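Scroll down for the structure; my scribbles are underneath it.
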Amino acid sequence: MSLFAGLLDDAAVFPPGNAPLPAALAAHRDHHAAWYAELVGPFVFPAARLGELDGTAPFPGGLSLTAAADGLSTAVDAGGLSTGFRPDLVAVEAVPAPDGVPGLVRLLDSVLPAGVTGYVEIPRGPGRDAALDALAGTRYLAKFRTGGVVPEAHPGERELAETILAAVSRGIPFKCTAGLHHAVRHTDGDLEQHGFLNVLLATSAALDGADTGDLAAVLAALLAERSPAVVAAAVDGMSHDQMVAARTRFLSFGTCSIDDPVADLVALGLLSKPVS
């Protein structure tokens, strides 16, 4: 199995892609029938639109629902996750209510079916560490927002480095959402976007460099690297054990375009289409 397996969560219906649901569903099934299928994870969908999936055939990569805390409770009460539980539901990605992560953890404990992964979106800013402290030791994982459609939605290299360190030091696996459109850090108009391979390298460095001085600065430099050749060489130089360890922390990221990350990995020589 590829060490990039399950890295790409299919978030085609979310901005900036905003794919219409029928087209997104058709593309999702095509992705899971393609040569790169093992890289593709679940179909990510808002719980508030759950009714639009009535009659939809099971998802080959599973279904991951996003919801605010109050929306999660509503979906459960409406039967979306309880009496009408979908056997293809593999994850729920929840945003904390004003009472914070401890309240959301209690809610998830009471409503989330066994075997369904729960992600909690971690706030940026002063509340980050307290939120991660509340997750540590639970069965729930972290979700970090790494971009958006406006510049301020993108955390800087130092901020993201410290966030990755905070999760790794607490033993909390995480996924990312938004902004990781390409493999390597780049500028898109007025948006400074992180690269998903930069995040992978930073995660590995966080695991390997516990005794390094200013480790956040080391991670920030990895996140800031813009040379595709340098980033690809660094990833290619990771040992099997380093890659496996990094992937046990950096689990996946949501992307509105599966094609772009796959194309980037091929162009960098890190992924090859099998010869028929």
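The values are calculated or read from the model by the stated rules, or taken from the named source; none is laboratory data. This is a predicted model, so every value here is computed, not measured. Positions of Cβ are backbone-derived with ideal geometry, glycine not excepted, and every protein chain shown enters the neighbour counts.
Quickly run through the range 202-218 and pick out the residues that are within 17 Å of G171 (Cα to Cα) and either in contact with a Lys or Arg (Cβ under 6 Å, 6 or more places away or on another chain) or outside any loop (DSSP other than H, G, I, E, B) (or both).
Going through the range 202-218, the residues within 17 Å of G171 (Cα to Cα) turn out to be 202-211, 215-216.
Answer for the range 202-218, where residues must be within 17 Å of G171 (Cα to Cα) and either in contact with a Lys or Arg (Cβ under 6 Å, 6 or more places away or on another chain) or outside any loop (DSSP other than H, G, I, E, B) (or both): A202, T203, S204, A205, A206, L207, D208, L215, A216.
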key: Residues located in the range 37-58, provided they are more than 18 Å from the chain's Cα centre (by Cα) and either on the phi < 0 side of the Ramachandran plot or crowded, with 20+ Cβ neighbours inside 10 Å (or both)   = A48, R49, L50, G51, E52, L53, D54, T56, A57, P58
query = Which residues, counting only those in the range 58-87, are outside any helix (DSSP H, G or I) and modelled with pLDDT under 85?
reply = P58, A78, G79, G80, L81, S82, T83, G84, F85, R86, P87
Sole exception among (1) more than 30 Å from L25 (Cβ to Cβ); (2) part of a helix (DSSP H, G or I); (3) of a type outside the set (A, V, I, L, M); (4) over 15 Å from the mean Cα position of the chain (by Cα) for D264, by number = (1)
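Yes/no per residue for (1) more than 17 Å from V44 (Cβ to Cβ); (2) of a type in the set (G, A, S); (3) at pLDDT 95 or above; (4) in contact with a strand residue (DSSP E or B) (Cβ under 9 Å, 6 or more places away or on another chain):
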residue	(1), (2), (3), (4)
R124	yes, no, no, yes
L141	no, no, yes, yes
P151	yes, no, no, yes
L160	yes, no, yes, yes
query = Restricting the range 186-235 to residues that are buried (at least 19 other Cβ atoms within 10 Å of the Cβ) and among the hydroxyl-bearing types (S, T, Y), which is farthest from G148 (Cα to Cα)?
reply = S204
message = Checking the conditions here, which among L65, L72, L3, L8 is surrounded by fewer than 18 Cβ atoms within 10 Å (Cβ to Cβ) and either small (G, A, S) or in contact with a helix residue (DSSP H, G or I) (Cβ under 9 Å, 6 or more places away or on another chain) (or both)?
response = L3
request  = Filter the range 134-166 down to the residues that are surrounded by 15 or more Cβ atoms within 10 Å (Cβ to Cβ) and acidic (D, E), then identify the one that is farthest from I122 (Cα to Cα).
outcome  = E157
key: Count of residues meeting criterion [over 30 Å from S239 (Cβ atoms) and surrounded by fewer than 16 Cβ atoms within 10 Å (Cβ to Cβ)] in the range 18-36   = 9
inquiry  = Out of P96, P102, I need the residue that is more than 26 Å from A220 (Cα to Cα) and over 20 Å from the mean Cα position of the chain (by Cα). Which one?
reply    = P102
